[in-house]
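Data first, discussion second: the structure below is written as C-alpha cells.
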Amino acid sequence: GGLIMQGYRDINGWLTEKEPWKKKGDEYNEFRQVVVRATLEACYAMAHFLLPFIPNGVKMIFDKLGTPPKALLDLDTNLRNLRVGTKVNVGDVLFQKIVSEDELNAAEAAKKKAVDYATAQKLKKEKKAKESAKSKAGQKSGASTPNQPNFTKMDIRVGVIKRVWNHPEAEKLYCEEIDCGDEDGKATREVASGLRDFYSLKEMENRKVLVVCNLKPSKLIGFVSNGMVLAAKEGNGGKVELISPPENAKIGERVFVEGVSGEPLSSAQIKKKKVWDTVAKCLKTGEGGIAMWEEKAIMTTAGACSATSLVGAPIS
C-alpha cells in the first residue's frame, strides 16, 4: 500500500513540476495535452493496484476516467490504456483530506490572521485618505480658474524610496520603486534618476524625496519612468543634492506654496501646455538650502523642503 501511495505522490510531483496550467497560448497546446494525458494514464494504471484496499473508491476513479479496469497482464506498459475521445468526468473531490485537530486550529488561526491583516490594511487605507484630504485642505480646487498659478498645476508629492537598483544599461541611472501614496491601488511607482555619481544605493534606499507625479511616463533606455525625483544641481556638472522633505512629513502629501492654491492637471495637460517647463524655470534653492518657487518656500504640513547645502542652485 505504501508503494502505491508513493507512486501517486510521484505523479503529483511530476505534474506540479510541469505546471501545464501556466503554459498559455496555442503554442503550448501539444505540451498541455501530453502532460494531461500522461497524468491520467498513470492514475488509471495505478488505480488497479488500489482495488484490493479501497474497491469502492477506485471504482469512482475508473468511472471518472470513463474506462473500466483491465486484468493487470492486459495493461499497456507504455501507458496507452485510455481511448482518445473518452470523456473525463471531473466532478467532486474523491477523497477529502483528513485534518487533525492541530491542523484545524492552525487553519483557524491563519484565517483569523488574514482577517486581521485585511482589517489593518483597510484602516491604513482610510488613514492615508484622511491624510491626503488634510494635505489638500489648503489647496481647494482652482483648476477652472484662468489665472491658476502654474506651481499648483503640478502634483509634487512626498515619497519614500522602497527599493533601488542600478539601471542595467545606463551607468548614471538608478531605477527606483517609490511609495508616493498613490490612491490607484499601486503600492509604488517606478522612477529613473540620474544620481549614481552622487548617491550610493544605501543612501538612496528608504530615503524620503519629492516626486513630480503628473508627468507623462517616459522610457529611459528601456526603463519606463513614471515621475521625476527633484534635486538641486550646481552648474557645469558640479554637486547634486536631493530635495528632502522634513523627516516627519507624511508619505503621499502634496507639497504647496503659501498663498496659492489649485488642483493638479492631468499628465496629458501638463505635456500639452508645457507647464513643467515653465515651473522648473522658477525653482531654485534659497537660504539654508530651502526649496523655492518664485522666491516662496515649498512646504509640507511638517515644514519646508530643502537641499543639504546648496544655495541658489536650480532644481529639476
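Scanning segment 257-289 for residues that are more than 32 Å from the chain's Cα centre (by Cα) and assigned to a helix (DSSP H, G or I) yields THR278, GLU287, GLY288, GLY289.
One residue stands out in segment 61-93 among those that are farther than 15 Å from THR39 by Cβ and among the hydrophobic types (A, V, I, L, M, F, W, C): the one that is least open to solvent (accessible area, probe 1.4 Å), namely PHE62.
Would you pick out the residues in segment 50-60 that are surrounded by 12 or more Cβ atoms within 10 Å (Cβ to Cβ) and assigned to a loop (DSSP other than H, G, I, E, B)?
Taking segment 50-60 as the starting set, the residues that turn out to be surrounded by 12 or more Cβ atoms within 10 Å (Cβ to Cβ) are 50-51, 54, 57-60.
Scanning segment 50-60 gives LEU51, ILE54.
Listed by first and then second residue, the pairs with beta-carbon distance under 9 Å, at least 6 apart or on different chains, first residue in segment 79-94 and within 16 Å of ALA47 (Cβ to Cβ), second outside any loop (DSSP other than H, G, I, E, B) and small (Gly, Ala, Ser), are LEU79/ALA38; LEU79/ALA42; LEU79/ALA45; ASN81/ALA45; LEU94/GLY57. Against the test of being out of contact with any helix residue (DSSP H, G or I) (no Cβ under 7 Å at 6 or more places or on another chain), at pLDDT 95 or above and over 17 Å from SER261 (Cα atoms), the options ALA291, ALA297 yield a single qualifying residue, ALA291. Just a yes or no: is a residue in segment 96-113 at positive phi, open to solvent by less than 70 Å² (accessible area, probe 1.4 Å) and part of a loop (DSSP other than H, G, I, E, B)? Checked segment 96-113: no residue is at positive phi, open to solvent by less than 70 Å² (accessible area, probe 1.4 Å) and part of a loop (DSSP other than H, G, I, E, B).
All told, LEU65 meets the bar of being touching a Cys at 6+ places or on another chain (Cβ under 9 Å) and at pLDDT 90 or above.
The values are calculated or read from the model by the stated rules, or taken from the named source; none is laboratory data. This one's a predicted model, so the numbers in the text were calculated from it and none came from an experiment. Please note: Cβ atoms are built from the backbone with ideal geometry, for glycine as well, and neighbour counts cover all protein chains shown. Protein only, heavy atoms only, side chains kept; ligands, DNA and RNA dropped before computing areas. Shrake-Rupley method; radii C 1.70, N 1.55, O 1.52, S 1.80 Å.
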